[in-house]
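Undergrad: Take this structure, written in structure tokens, and hold onto it; I'll ask about it next.
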């Protein structure tokens, strides 16, 4: 085990381990909680590895008051005080020699962002100016409003934005690694796809500037979309109504390859969802629930000659029937 101590662990497993640690730290854990935690640890070697790493971190937290550390793990809203506490906790972990890439995980980003959504959660928040923002599964944003402008920083994931009128006339911008999208009285979606980002405009207009070529500006009108990176734009496309179906908890598939369907559903499901590569030749169409992914998998099984194999609740494989 010591030889694998530095190996990366899946984010979902880390999040589950932290959930168990938080429950046992809560002060009202029951014997049943402890038995279930032990069963989870025995379920898969990665579970035990994650638990041992957290146990090691727990042992290094002498410089962080127990109530502070417990509150960091249990609190949900990412208020400034919580973010400061989380950074202090991260510093204690690093100084204690138990830094396992915490800062690079989605968990760390969630803890230090103004707003974040968990895996499988679509979160709707109303900002101080009345602007409404939907956060897709596993997404995070920071909000920076001042007297001159309104900025939403997309830390990861995707957001759907419905801008509110601002009496002071401050522009609203969504910033991401790839560039900046300026809203012009609009309803639009921004998705971070890795190297590229995608913007779909449904009402109004949006101006986009790539990060490294800010002198280049592309204006998108309602019904238009574009992918772009830090250097420039791909050709314009039609806005895809499926691009914001997640705000209603739906996955709309139209002749979607089954492996792509599984990859999309996996973003809304904790744990691992795998698809047999041979299923890429099959396609599926329909509307599926993102709020009940087990039901979506059952629907896929009815529609196509596939089986859904559950090793555990968190380890599922779709295979040919």
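Undergrad: Need the failing condition index for residue 194 against (1) modelled with pLDDT under 95; (2) surrounded by fewer than 17 Cβ atoms within 10 Å (Cβ to Cβ); (3) assigned to a loop (DSSP other than H, G, I, E, B); (4) touching a strand residue (DSSP E or B) at 6+ places or on another chain (Cβ under 9 Å), just the number.
TA: Going through (1) modelled with pLDDT under 95; (2) surrounded by fewer than 17 Cβ atoms within 10 Å (Cβ to Cβ); (3) assigned to a loop (DSSP other than H, G, I, E, B); (4) touching a strand residue (DSSP E or B) at 6+ places or on another chain (Cβ under 9 Å) one by one, residue 194 breaks only (4).
Undergrad: Do we have any residue at all in region 294-302 that's surrounded by fewer than 16 Cβ atoms within 10 Å (Cβ to Cβ) and touching a residue at least 24 places away in the same chain (Cβ under 8 Å)?
TA: no
Undergrad: Take residue 218 and decide whether it is more than 21 Å from the chain's Cα centre (by Cα), surrounded by 17 or more Cβ atoms within 10 Å (Cβ to Cβ), at pLDDT 95 or above and not assigned by TED's automatic domain parsing to the domain that holds residue 50.
TA: Details: more than 21 Å from the chain's Cα centre (by Cα): yes; surrounded by 17 or more Cβ atoms within 10 Å (Cβ to Cβ): yes; at pLDDT 95 or above: yes; not assigned by TED's automatic domain parsing to the domain that holds residue 50: yes.
So residue 218 passes the test.
Undergrad: Further question on the same structure: Taking the residues in region 221-255 that are at pLDDT below 95 and in contact with a helix residue (DSSP H, G or I) (Cβ under 8 Å, 6 or more places away or on another chain) as candidates, determine which candidate is farthest from residue 133 (Cα to Cα).
TA: My answer is 254.
Undergrad: Determine whether region 261-271 contains at least one residue that is surrounded by fewer than 19 Cβ atoms within 10 Å (Cβ to Cβ) and over 19 Å from residue 139 (Cβ atoms).
TA: No, because not a single residue in region 261-271 is surrounded by fewer than 19 Cβ atoms within 10 Å (Cβ to Cβ) and over 19 Å from residue 139 (Cβ atoms).
Undergrad: OK, next. Take the residues in region 275-289 that are within 23 Å of the chain's Cα centre (by Cα) and modelled with pLDDT under 95; name whichever of them is surrounded by the most Cβ atoms within 10 Å (Cβ to Cβ).
TA: Of region 275-289, the ones within 23 Å of the chain's Cα centre (by Cα) are 275, 287-289.
Keeping just the survivors that are modelled with pLDDT under 95 gives 287-289.
Working: 287: 13, 288: 24, 289: 17.
Among them, the one singled out is 288.
Undergrad: Identify, please: which residue in region 101-121 is part of a loop (DSSP other than H, G, I, E, B) and surrounded by fewer than 19 Cβ atoms within 10 Å (Cβ to Cβ) and is, among those, modelled with the lowest pLDDT? Write out each step before concluding.
TA: Going through region 101-121, the residues part of a loop (DSSP other than H, G, I, E, B) turn out to be 101, 105, 113-114, 117-121.
Narrowing further to those that are surrounded by fewer than 19 Cβ atoms within 10 Å (Cβ to Cβ): 101, 105, 118-121.
Numbers: 101: 47, 105: 52, 118: 88, 119: 88, 120: 90, 121: 92.
Restricting to residues being part of a loop (DSSP other than H, G, I, E, B) and surrounded by fewer than 19 Cβ atoms within 10 Å (Cβ to Cβ), the top hit is 101.
Undergrad: In region 138-152, is there at least one residue being within 17 Å of the chain's Cα centre (by Cα), surrounded by fewer than 20 Cβ atoms within 10 Å (Cβ to Cβ) and farther than 20 Å from residue 202 by Cα? Give the steps one after another, and end with the answer.
TA: Start the filter on region 138-152 by keeping residues that are within 17 Å of the chain's Cα centre (by Cα), which leaves 138-143, 152.
From what's left, surrounded by fewer than 20 Cβ atoms within 10 Å (Cβ to Cβ): 142-143.
Still in the running and farther than 20 Å from residue 202 by Cα: 142-143.
Taking every residue of region 138-152 in turn, at least one turns out to be within 17 Å of the chain's Cα centre (by Cα), surrounded by fewer than 20 Cβ atoms within 10 Å (Cβ to Cβ) and farther than 20 Å from residue 202 by Cα.
Undergrad: Give the residues of region 126-145 that are over 17 Å from residue 192 (Cβ atoms) and either in contact with a strand residue (DSSP E or B) (Cβ under 6 Å, 6 or more places away or on another chain) or assigned to a loop (DSSP other than H, G, I, E, B) (or both), sorted by residue number.
TA: Matches in region 126-145: 126, 127, 128, 129, 130, 131, 132, 144.
The values are calculated or read from the model by the stated rules, or taken from the named source; none is laboratory data. This structure is a prediction, so every number in the text was calculated from the model and none was measured. Here Cβ is always computed from backbone atoms with ideal geometry, including for glycine, and neighbour counts include all displayed protein chains.
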